[in-house]
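K.L.:
Here it is, the structure, as structure tokens.
The values are calculated or read from the model by the stated rules, or taken from the named source; none is laboratory data. Since this is a predicted model, take the numbers as computed values, not measurements. Cβ placement follows ideal geometry from the backbone for every residue including glycine, while neighbour counts extend to all protein chains displayed.
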Amino acid sequence: MIVNTYDIVLDISEQNYINSNISLVQNDCKVNKFAIRIFDGSAEIDYTKVITATITFLKADGNVVQGNLISTDIGFTYNLGTNEIAIAGTVFASVQLMGADGERLTTSQFSFIVVSDLINPSAVQSTTEFAILQQLKEELEAIDVVALTNKVGTGTLNTTSQNCVDAINEVNAAINNKVPFKTTNNITYYVRTDGSNANDGSANDSAHAFLTISKAISMIPQIVNHVVTIYVAAGTYNEELIINGFSGSGGIRIIGAGNLADSVNYIVTGKIIIGGHNCANSFLLQGIKTTYSGNGEFSIRLISGSNLFIVQYCRIEPVSYVAGSYGIWAYACNGNILNCNVSNINYAIGVANSNVLSYNNGGSGNGVALIASNAGTLGKVGTQPTATTAEQVSNGGAIRT
């Protein structure tokens with residue numbers, strides 16, 4: 001079998017982001033191999049001083065995969081499985097080198113693209129299922145349940161008849177909930193804490209609204225050529241939000257409160273990750289408060305593939321300060337953070353390989369208010385969150401007024 005070997009050259013002396021220009025196909029198995037060489041400036045490192053080495057992947061859905069590198073005389077190799085390329089979109093990776101005394105050194109990051117698998121078993125299955133469900137629906141509806149019950153004259157078929165009715169209802173629900181491939185008009189969904197994910201999300205009442213924001217996101221077609229708006233009612237939603245894999249000429253809006261003061265009542269307890277919103281129009285997240293934080297975790301993260309984004313009237317307010325936590329963080333994308341509050345976070349607002357405007361934001365109890373790294377530019381206008389350290393730049397980053 002042919003194996004594709006990709007040469008990767010990394011540096012430990014700088015943390016500049018590297019675009020590898022490598023594209024891999026989702027679900028390809030046992031055919032992709034990285035040959036990795038590591039330099040310290042202009043000189044290659046002494047590989048004999050490395051006891052173990054790992055490689056870490058950040059996938060487009062925000063999940064992390066880690067594997068062990070195989071040492072060779074001229075560097076390291078890594079054979080990719082299916083997990084690293086299971087999600088279409090941009091993947092970021094870096095190598096960690098471990099020494100004999102417990103020291104750890106991380107290389108510069110590199111990225112590659114995972115292209116959607118056209119031979120997707122789930123896609124083929126859903127198309128086939130739809131035709132079968134239509135046929136089953138017609139056959140079940142053709143059954144004269146009353147006539148059969150009267151003919152048999154026992155209670156046995158009554159139970160079976162009810163099962164038939166239930167089956168018809170399930171088939172109808174499956175057909176109605178089938179998500180189209182692309183939009184044909186503007187779409188509006190409603191989410192309420194007294195809604196149900198068995199609803200269609202079409203109106204702002206308990207009989208129609210969805211119960212979770214994630215359900216509404218799951219109903220968005222992959223190709224968005226119109227405006228898709230998700231209106232979130234006040235309340236607490238115990239979920240994390242992953243927005244990934246959309247493209248087209250339209251845009252996506254998730255709207256809670258209409259101002260910063262009211263956003264305190266629109267709560268999401270999990271992290272919010274926007275990655276792979278490749279739509280021509282901007283992505284909008286408005287009036288949502290998240291209480292999520294963690295060491296090495298992001299409360300709101302915007303990852304490469306997110307075209308122009310707007311985060312407005314949002315709050316990041318964990319109960320207490322968490323060391324190593326990140327607030328609103330943009331990586332390799334452009335956008336605006338407007339009229340938001342970030343509090344009790346180690347790194348409040350940050351950019352890397354991005355151009356972002358921070359406009360009239362507030363909050364308190366943070367470690368570092370504004371951060372720009374890896375050639376990222378953060379423009380600031382008006383008020384900014386307060387912190388022990390107001391600003392921090394590294395690796396060519398810049399903060400401008």
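K.L.:
Within region 46-63, which residues are β-branched (Val, Ile, Thr) and either within 30 Å of Leu241 (Cα to Cα) or in contact (Cβ under 8 Å) with a residue 40 or more places away in the chain (or both)?
P.N.:
The initial filter retains those residues of region 46-63 that are β-branched (Val, Ile, Thr), namely 48, 50-52, 54-56.
Scanning region 46-63 gives Val50, Ile51, Thr52, Thr54, Ile55, Thr56.
K.L.:
Looking for whichever is at pLDDT 90 or above and surrounded by 12 or more Cβ atoms within 10 Å (Cβ to Cβ) here; the options are Val115, Val95. Which one fits?
P.N.:
Only one candidate qualifies: Val95.
K.L.:
Is it the case that Val146 is surrounded by fewer than 19 Cβ atoms within 10 Å (Cβ to Cβ), assigned to a helix (DSSP H, G or I) and modelled with pLDDT of 60 or more?
P.N.:
So Val146 does not fit the description; no.
K.L.:
Residues that are under 13 Å from Gly81 (Cα atoms) and of a type in the set (Phe, Trp, Tyr): which strands (runs of 3 or more DSSP E) entirely in region 7-68 hold 1 or more of them?
P.N.:
32-40, 52-58
Per-residue answers, yes or no, for (1) surrounded by fewer than 23 Cβ atoms within 10 Å (Cβ to Cβ); (2) under 15 Å from Gln286 (Cα atoms); (3) assigned by the TED database to the domain that holds Arg253:
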residue	(1), (2), (3)
Ile310	yes, yes, yes
Val322	yes, no, yes
Ser325	no, no, yes
Asn336	yes, yes, yes
Ile349	no, no, yes
Gly367	yes, no, yes
Thr377	yes, no, yes
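K.L.:
Here is a follow-up. Condition test on Gly256, is it buried (at least 20 other Cβ atoms within 10 Å of the Cβ), at pLDDT below 90 and over 17 Å from Asp61 (Cβ atoms)?
P.N.:
no
K.L.:
Considering Gly102, Gly81, which residue is out of contact with any Gly (no Cβ under 7 Å at 6 or more places or on another chain), modelled with pLDDT of 75 or more and loosely packed, with under 12 Cβ neighbours inside 10 Å?
P.N.:
Among Gly102, Gly81, only Gly102 is out of contact with any Gly (no Cβ under 7 Å at 6 or more places or on another chain), modelled with pLDDT of 75 or more and loosely packed, with under 12 Cβ neighbours inside 10 Å.
K.L.:
Next question. Against the definition (more than 22 Å from the chain's Cα centre (by Cα) and closer than 25 Å to Ala257 by Cβ), how does Gln384 come out, yes or no? Spell out the reasoning first.
P.N.:
Numbers: more than 22 Å from the chain's Cα centre (by Cα): yes; closer than 25 Å to Ala257 by Cβ: yes.
When the stated conditions are applied, Gln384 passes them.
K.L.:
Okay, next question. Just to be sure, is Ala330 in the same structural domain as Ile310 (by the TED database) and over 23 Å from Asp262 (Cα atoms)? First the steps, then the outcome.
P.N.:
Numbers: in the same structural domain as Ile310 (by the TED database): yes; over 23 Å from Asp262 (Cα atoms): yes.
So Ala330 passes the test.
K.L.:
A follow-up question, please. From the list Gly379, Gly335, Gly327, Gly367, pick out the single residue that is closer than 14 Å to Ala398 by Cα, in a strand (DSSP E or B) and in contact (Cβ under 8 Å) with a residue 12 or more places away in the chain.
P.N.:
After ruling out the rest, the residue left standing is Gly379.
K.L.:
Could you please give the count of residues in region 198-223 that are surrounded by 16 or more Cβ atoms within 10 Å (Cβ to Cβ), more than 14 Å from Glu240 (Cα to Cα) and without any contact (Cβ under 8 Å) to a residue 24 or more places away in the chain?
P.N.:
4
K.L.:
Six or more apart or on different chains, Cβ under 7 Å: which pairs go from a residue in region 64-92 that's on the phi > 0 side of the Ramachandran plot and in the same structural domain as Lys30 (by the TED database) to one that's surrounded by 14 or more Cβ atoms within 10 Å (Cβ to Cβ) and in a loop (DSSP other than H, G, I, E, B)? Could you list them?
P.N.:
Gly89/Ala60; Gly89/Asn244; Gly89/Gly245; Gly89/Gly276; Gly89/Gly305
K.L.:
Of everything in region 224-251, what is surrounded by fewer than 18 Cβ atoms within 10 Å (Cβ to Cβ) and at positive phi? Give them in sequence order.
P.N.:
Gly235
K.L.:
Just checking, how many residues over region 348-364 are over 21 Å from Ile267 (Cα atoms) and either in a strand (DSSP E or B) or in contact with a helix residue (DSSP H, G or I) (Cβ under 7 Å, 6 or more places away or on another chain) (or both)?
P.N.:
Residues in region 348-364 being over 21 Å from Ile267 (Cα atoms) and either in a strand (DSSP E or B) or in contact with a helix residue (DSSP H, G or I) (Cβ under 7 Å, 6 or more places away or on another chain) (or both): 8 in total.
K.L.:
Turning to a different aspect of this structure: Right, Ala369: farther than 25 Å from Gly275 by Cα, out of contact with any Phe, Trp or Tyr (no Cβ under 8 Å at 6 or more places or on another chain) and among the hydrophobic types (A, V, I, L, M, F, W, C) or not?
P.N.:
no
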